[in-house]
1. Do any GluC sites (Glu not before Pro) in the stretch 122-200 lie in a loop, going by DSSP, with at most 14 other beta-carbon atoms within 10 Å of their beta carbon, and if so which?
2. Under a 5 Å amide H to amide H cut-off, with H placed in plane at 1.01 Å, what residues pair with GLY145 once short-range neighbours are removed?
3. Across the stretch 39-46, in residue order, what do the Karplus-derived ³J(HN,Hα) couplings come to in whole Hz, using 6.51 cos²θ - 1.76 cosθ + 1.60 with θ = phi - 60° and x for Gly and Pro?
4. Compute the signed sum of charges (Lys and Arg +1, Asp and Glu -1) over the other residues within less than 11 Å, Cβ to Cβ, of PRO194.
5. I want to verify the translational diffusion coefficient of the stretch 61-205 in µm²/s; compute it with Stokes-Einstein, Rh as the Kirkwood radius over Cα pairs, at 25 °C and 0.890 mPa s.
6. From the phi of every residue in the stretch 167-180, what ³J(HN,Hα) in whole Hz does the Karplus formula 6.51 cos²θ - 1.76 cosθ + 1.60 yield, where θ is phi - 60° and glycine or proline is x?
7. Going by amide H atoms built from the backbone, whose H comes under 5 Å of the H on VAL81, apart from near neighbours?
8. Once the other residues with Cβ under 11 Å from the Cβ of SER86 are scored (Lys, Arg +1; Asp, Glu -1), what is the net sum?
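Read-outs throughout are calculated quantities, based only on the coordinates presented, and are distinct from any laboratory measurement. Everything quoted here is computed from the prediction, not taken from an experiment. So basically every Cβ, Gly included, is an ideal-geometry build from the backbone, and we count neighbours across all protein chains shown.
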Amino acid sequence: MDGSFALKLAAISLFFLAFPQASESLSVGAEIGRSVNGSISWINMTESPVQIIDFYWMNTGSSTCMVRARMDFFDHDDNMVYSAWSRENPMISGSEGKFGIIASLPAGIYRAFLRVYQCNEIIGNGPYIFEITPPEPDEDIEITGVRTYSDSIEISLNSKYQGNVYVIPENYPLGWIVESGTILDGRTEIGYDPGVWIERNVTFLAVSEDGMHTARRTFALKREIKGLDTLIFLTVFGVAVFFVMMVLSRRYNC
């Protein structure tokens, strides 16, 4: 080995031993090359009484991220009239996933902007134009109740309508994330994230896919423990079995 090269190598090694932060800065520099990015590969939007926005999102960045989307609707005066959220899904780099957003707006022309939240970065798309002329509905379905848990809301519905019925959070606190859902077997469970939990009122709209059947109801959301009914039942059952065993034990010991 050349003597000058050996001296240089020894000097570099001593430098990193004396100043370890220098090697850490090189590691940080390598991380800077990571990127958060994505794009829409396919999108379909309906202007029917229920606005359904389905799209495929491609994670074109180098990071694995949690991804969800929000669509903001603006009227002709540029006032935002509604924000609708999708579910949140994990996406690895290079993967593609399907997302859905549901809304039900009054008649009018709207400009909509899609914002995709990916690793806390916001990637914007739009505007998209919606011209909506919904029919006059009949209120012949009923939202019968809600149950609120730490990260989901269970909604029950009574309806004789045979087609799809969607549940949409029509009015919810600013800063909350509240998803939409489709009623199956008289119920649905939607995700939500209030940030900081405070008991608040939320208005839900249930609407059939043809827009002719609707129900609207406001609930004061109060959190409960999921599976509490089962826990109470098991506790009562356990106590009952205990007392029966105690009685039988005393009887046979006499």
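1. Those that pass, being in a loop and sparsely packed, are GLU139, GLU199.
2. So GLY145 has HN proximity to SER156.
3. My calculation for the stretch 39-46 gives 7, 7, 9, 6, 9, 9, 10, 10 Hz in order.
4. -1
5. D = 146 µm²/s.
6. Per residue, the Karplus-derived 3J(HN,Hα) values read 10, 10, x, 7, 9, 9, x, 4, x, 7, 10, 10, 7, 9 Hz.
7. Under 5 Å from the amide H of VAL81: PHE73, PHE74, ASP75.
8. Values: positive: ARG68, ARG70, ARG87, LYS98, ARG115; negative: ASP54, GLU88, GLU179.
With Lys, Arg at +1 and Asp, Glu at -1, the net is +2.
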